[in-house]
1. In debye, nearest 20, what is the charge dipole magnitude of the chain about its Cα centre with +1 on Lys and Arg Cβ and -1 on Asp and Glu Cβ, if you could check?
2. If R0 is 30 Å, what FRET efficiency do you get for Asp51 and Leu142 from their C-beta distance, rounded to 0.05?
3. Among (1) 1.21; (2) 0.96; (3) 1.06, only one was calculated for this model; which label is it, if the read-out is Rg/Rh (Cα atoms, Kirkwood Rh)?
4. Assuming R0 = 25 Å, can you tell me the calculated FRET efficiency for the pair Ala41 and Asn130, based on Cβ-Cβ distance, to the nearest 0.05?
5. Under the rule a/c < 1.5 gives rounded, and otherwise a/b versus b/c splits prolate from oblate, where does segment 6-74 land using the Cα gyration tensor?
6. Can you tell me the length gained on complete extension of the stretch Leu4 to Asp73, counting 0.36 nm per residue apart and subtracting the Cα distance?
7. Over the chain, what is the mean sequence separation of C-alpha contacts under 8 Å (at least six apart), divided by residue count, expressed as relative contact order in percent?
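Rule-based calculations on the coordinates, nothing more; no lab input. Just so it is clear, the structure is predicted and the values come from calculations on it, not from any experiment. So basically every Cβ, Gly included, is an ideal-geometry build from the backbone, and we count neighbours across all protein chains shown.
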Amino acid sequence: MELLEWIDKPISEVKDSLLYGKYFDSILLENVGDICFLLNAQLGVDVIFRDDLSIKAIHFYSGKQAGVNQFTDKLPLGLSFGNSRNQARSVLGDPLETGGGSHSVLYGTASPWDKYIYENFSLQLQFSENNDRIHLITIDSLK
């Protein structure tokens, strides 16, 4: 998937690609605090940038987040939002790290998650409370 190849690349290297045009051509770069990003809430995808405008992370949304639709194009690594935690593990193998499920008075119950490490990026999957589907996919730089 071309989007995985965007990790660590400057925006100048990806802005002429077909997928950039499809997802972000009409989207303005936003800054909130010290975070710079492009969010296409209609298509359910965002890109997070470092200060030098190289790509640090990409999020694929399941539509369970307020105001953001589900990403409906091909997800990375053969995943589907309909995958349960067990199904995702059968596709990807055992995760390097796992967490979530704990309760905090301030934040409520943390979503269960699994994290995988690849050559140039990490993949984190957040699941529904009962682990029956993926709610959020995060691709993050290892730098």
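1. That gives a dipole near 380 debye.
2. Details: r = 18 Å, r/R0 = 0.59.
Efficiency, rounded to the nearest 0.05: 0.95.
3. (2)
4. Numbers: r = 26 Å, r/R0 = 1.04.
Once the sixth-power term is evaluated, E becomes 0.45.
5. oblate
6. Numbers: separation 69, 0.36 × 69 = 24.84 nm, distance 1.36 nm.
Between Leu4 and Asp73, full extension yields an extra 23.5 nm.
7. Working: 265 pairs, mean separation 28.5, N = 143.
Relative contact order here is 20 percent.
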